[in-house]
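These notes are about the structure you will find just below.
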Amino acid sequence: MRCAPRLLSVAAAAVVVVSTATACSGGSADDASTSEAALSRWSSLMGTALLDEEHGQGGAGGEGAGGAGLGSVPAGAWDLLVACNGADGWSFRVESGPDGGDTLARSDVPCGATERLSVTVPESGGLTVRAHPLRTAPEAVRRGDVPVHWYVAVVPEGFEPESRSYGLG
């Protein structure tokens, strides 16, 4: 199985950002280690379940509210497979360009199943994904006390993963 360099760089950047944020959060080293391991397991599970390694444009994810720039996504029509866990739902906004711009799609996604968002990436290319808890989420989720993981895979239009629901085992 061949792994695209851009996928590895996006995954590495996501782990570095989450690791840094977790380490700076004031929690103990064990908390950070546990959190990083959980995010790593989640990202691996979602990458295996949702990515189209042959034709897709990679994916990104994180723990808690945040975002990810996917600068390598070329112009054209793409589907985003979006998933989350640890809460009833999560709100996603997809913007043009790797640093954000025009809103291309927005959706509240129920956690535990995969949601499909269709977008047309403009000629300049790239996407930014922003994720945050629903306004109706419990206070602990909104504060970040409860770990919520999210993941977005950029796939060709119409790509169907083997399953659109998942469990963490």
Inset, instruction - Test Ala105 against the criterion of being farther than 18 Å from Leu39 by Cα and either modelled with pLDDT under 90 or not basic (Lys, Arg) (or both), and give yes or no. - result: yes
Legend entry - All positions within the stretch 88-105 that are open to solvent by 20 Å² or more (accessible area, probe 1.4 Å) and touching a strand residue (DSSP E or B) at 6+ places or on another chain (Cβ under 6 Å): Arg93, Pro98, Gly100, Gly101, Asp102, Thr103, Leu104
Inset, instruction - Could you tell me whether any residue of the stretch 87-102 is over 22 Å from Gly158 (Cα atoms), of a type in the set (A, V, I, L, M, F, W, C), at pLDDT 90 or above and not in a loop (DSSP other than H, G, I, E, B)? - result: yes
Legend entry - Of all residues in the stretch 120-161 being surrounded by 20 or more Cβ atoms within 10 Å (Cβ to Cβ) and among the β-branched types (Val, Ile, Thr), the one that is farthest from Glu63 (Cα to Cα): Val121
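The values are calculated or read from the model by the stated rules, or taken from the named source; none is laboratory data. The model shown is predicted, which means the values in this text are computed figures rather than measured ones. Counting neighbours? That spans all protein chains shown, and the Cβs are built from the backbone with ideal geometry, glycine included. Remember, those area values only see protein heavy atoms, side chains included, never the ligands or the DNA or RNA. Shrake-Rupley method; radii C 1.70, N 1.55, O 1.52, S 1.80 Å.
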